[in-house]
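Before any comments, here is the structure.
The values are calculated or read from the model by the stated rules, or taken from the named source; none is laboratory data. In this text, all values refer to a predicted model and were calculated from it rather than measured experimentally. In this analysis, Cβ positions are derived from the backbone assuming ideal geometry, glycine residues included, and neighbour counts consider all displayed protein chains. Protein only, heavy atoms only, side chains kept; ligands, DNA and RNA dropped before computing areas. Shrake-Rupley method; radii C 1.70, N 1.55, O 1.52, S 1.80 Å.
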Amino acid sequence: MLKWLGVNAFRTSHYPYSQELMYLCDKEGIVVIDETPAVGLHESYNFVSATLKHHLQVTTELILRDRNHPSVVMWSLANEPNSALKVSEAYFESVFKHARMLDPTRPLTFACNKEYNTDLVTKFADVISINRYYGWYKNMGYPQLVPYELSYELEQWQLVEKKPMMISEYGAGTIAGFHEDPATSFTEEYQVQIMKEYFSVFDKYREDFLVGELIWNFADFMTEQRDNRPVGNRKGVLTRQRQPKSAAHLLRDRYYSLQLNISSIICA
């Protein structure tokens with residue numbers, strides 16, 4: 001299905017994947033952003049010496065295991081930590097320093113969900129990766145605002161950091177078979193509309209500082225029971241049975257069009 005979609009990269013969110021899959025990515029030429037199992041660092045009491053010791057240990061295990069895989073192009077050291085907390089600054093300085101000691105050849109990042117004016121950790125990263133859900137967790141029902149909100153934020157990040165950036169998560173929950181016009185949340189039409197709004201921003205900055213776009217998610221998956229999780233996380237472009245939603249066809253068209261455009265530039 002990755003090949004059918006035209007995918008050329010993914011992040012191992014939020015933990016290392018199997019060796020078998022890593023070797024398959026080597027073989028198939030799929031780029032991997034390899035992520036440590038550092039998720040849930042939300043409160044001050046999470047950033048203690050015992051946690052740091054374990055974080056350094058799993059970072060060591062990940063890099064030593066996967067550093068000889070040509071498919072691995074970048075290490076991601078955490079997913080959505082509370083990087084606005086003062087205590088996170090020294091904590092992650094140690095983690096980034098440790099990762100660079102183990103592998104000075106690859107860039108480092110982490111998936112950030114804080115704002116450009118509150119984050120204290122992206123200064124240690126080589127690439128800024130942000131998880132953003134405009135039109136879903138923020139201003140749900142108003143996908144037309146996405147280009148304005150996302151463009152503004154990306155430009156503010158560039159004023160602060162001036163580093164390559166990527167969108168490490170974006171998307172909207174969708175229940176396969178739900179349809180409505182005008183589009184409303186959880187319909188296939190709404191997911192498609194959200195993605196189109198994001199695409200317009202990606203194309204605006206793609207030849208400047210935006211180096212990647214990773215949708216959340218490849219396929220629906222089960223979660224704990226929550227009021228915003230109707231039988232799991234429904235942000236997949238595929239169902240749990242790996243059947244395509246409307247968004248999958250849109251994403252496939254985009255990815256193959258981008259490949260053709262790049263090929264024509266190279267051949268020109």
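How many residues are among the hydroxyl-bearing types (Ser, Thr, Tyr) and at pLDDT below 95 if we restrict to the range 201-223? Lay out the reasoning, then the answer.
As a first pass, look at the range 201-223 and keep what is among the hydroxyl-bearing types (Ser, Thr, Tyr): 205, 223.
From what is left, the residues that are at pLDDT below 95 are 223.
Total satisfying the criteria: 1.
Considering only the range 229-237, I want to know if a residue exists there that is on the phi > 0 side of the Ramachandran plot, free of Cβ contacts under 8 Å to residues at least 12 places away in the same chain, outside any helix (DSSP H, G or I) and open to solvent by 20 Å² or more (accessible area, probe 1.4 Å). It would help to see each step written out before you state the result.
Residues of the range 229-237 on the phi > 0 side of the Ramachandran plot: 231-232.
Now drop any that are not free of Cβ contacts under 8 Å to residues at least 12 places away in the same chain, which leaves 231.
Still in the running and outside any helix (DSSP H, G or I): 231.
Now restrict to residues that are open to solvent by 20 Å² or more (accessible area, probe 1.4 Å): 231.
Taking every residue of the range 229-237 in turn, at least one turns out to be on the phi > 0 side of the Ramachandran plot, free of Cβ contacts under 8 Å to residues at least 12 places away in the same chain, outside any helix (DSSP H, G or I) and open to solvent by 20 Å² or more (accessible area, probe 1.4 Å).
The residue that is farthest from TYR256 (Cα to Cα), among those in the range 7-44 that are part of a helix (DSSP H, G or I) and open to solvent by less than 20 Å² (accessible area, probe 1.4 Å), is MET22.
Do we have GLU155 as assigned to a helix (DSSP H, G or I), among the charged types (D, E, K, R), out of contact with any Cys (no Cβ under 6 Å at 6 or more places or on another chain) and without any contact (Cβ under 8 Å) to a residue 60 or more places away in the chain here? Break it down into steps so the answer makes sense when it comes.
Working: assigned to a helix (DSSP H, G or I): yes; among the charged types (D, E, K, R): yes; out of contact with any Cys (no Cβ under 6 Å at 6 or more places or on another chain): yes; without any contact (Cβ under 8 Å) to a residue 60 or more places away in the chain: yes.
Yes: the conditions hold for GLU155.
For the range 245-255, check the following and say yes or no: at least one residue is among the hydroxyl-bearing types (Ser, Thr, Tyr), surrounded by 12 or more Cβ atoms within 10 Å (Cβ to Cβ), over 19 Å from THR187 (Cβ atoms) and at pLDDT below 95. No, because not a single residue in the range 245-255 is among the hydroxyl-bearing types (Ser, Thr, Tyr), surrounded by 12 or more Cβ atoms within 10 Å (Cβ to Cβ), over 19 Å from THR187 (Cβ atoms) and at pLDDT below 95. Annotation note: of ARG226, ARG240, the sole residue that is open to solvent by 70 Å² or more (accessible area, probe 1.4 Å), farther than 19 Å from VAL146 by Cβ and touching a strand residue (DSSP E or B) at 6+ places or on another chain (Cβ under 7 Å) is ARG240. Of all residue pairs spaced 6 or more apart or on separate chains, those with beta-carbon atoms under 7 Å, a first member in the range 170-197 that is over 26 Å from GLY212 (Cα atoms) and a second member that is assigned to a loop (DSSP other than H, G, I, E, B) and β-branched (Val, Ile, Thr) are ALA176/THR239; PHE178/THR187; HIS179/THR187; GLU180/THR187.
For the range 78-122, a residue qualifies if it is open to solvent by less than 50 Å² (accessible area, probe 1.4 Å), part of a helix (DSSP H, G or I) and free of Cβ contacts under 8 Å to residues at least 40 places away in the same chain, and the qualifying residues are GLU89, PHE92, PHE96.
Looking at THR60, is it under 15 Å from TRP75 (Cα atoms) and either of a type in the set (S, T, N, Q) or open to solvent by 40 Å² or more (accessible area, probe 1.4 Å) (or both)? Judged against the criteria, THR60 is a match.
Being out of contact with any helix residue (DSSP H, G or I) (no Cβ under 9 Å at 6 or more places or on another chain) and under 24 Å from ILE167 (Cβ atoms) narrows it down to one of PRO81, PRO107, so name that one.
PRO107
Collect the residues in the range 180-217 that are in a helix (DSSP H, G or I), of a type in the set (Asp, Glu) and over 17 Å from GLU149 (Cβ atoms), keeping them in residue-number order. Outline the logic, then answer.
So the first thing to find is which residues in the range 180-217 are in a helix (DSSP H, G or I), and the list is 188-205.
Next, only the ones that are of a type in the set (Asp, Glu) stay: 188-189, 197, 203.
The answer is GLU188, GLU189.
Residues in the range 63-73 that are open to solvent by 40 Å² or more (accessible area, probe 1.4 Å) and in contact with a helix residue (DSSP H, G or I) (Cβ under 6 Å, 6 or more places away or on another chain): PRO70 alone. Once the range 199-212 is narrowed to residues that are more than 15 Å from ALA248 (Cβ to Cβ) and touching a residue at least 40 places away in the same chain (Cβ under 8 Å), the residue that is nearest to the chain's Cα centre (by Cα) is GLY212. Filtering the range 147-194 to residues that are open to solvent by 40 Å² or more (accessible area, probe 1.4 Å) and among the small types (Gly, Ala, Ser) leaves ALA176, GLY177, SER185.
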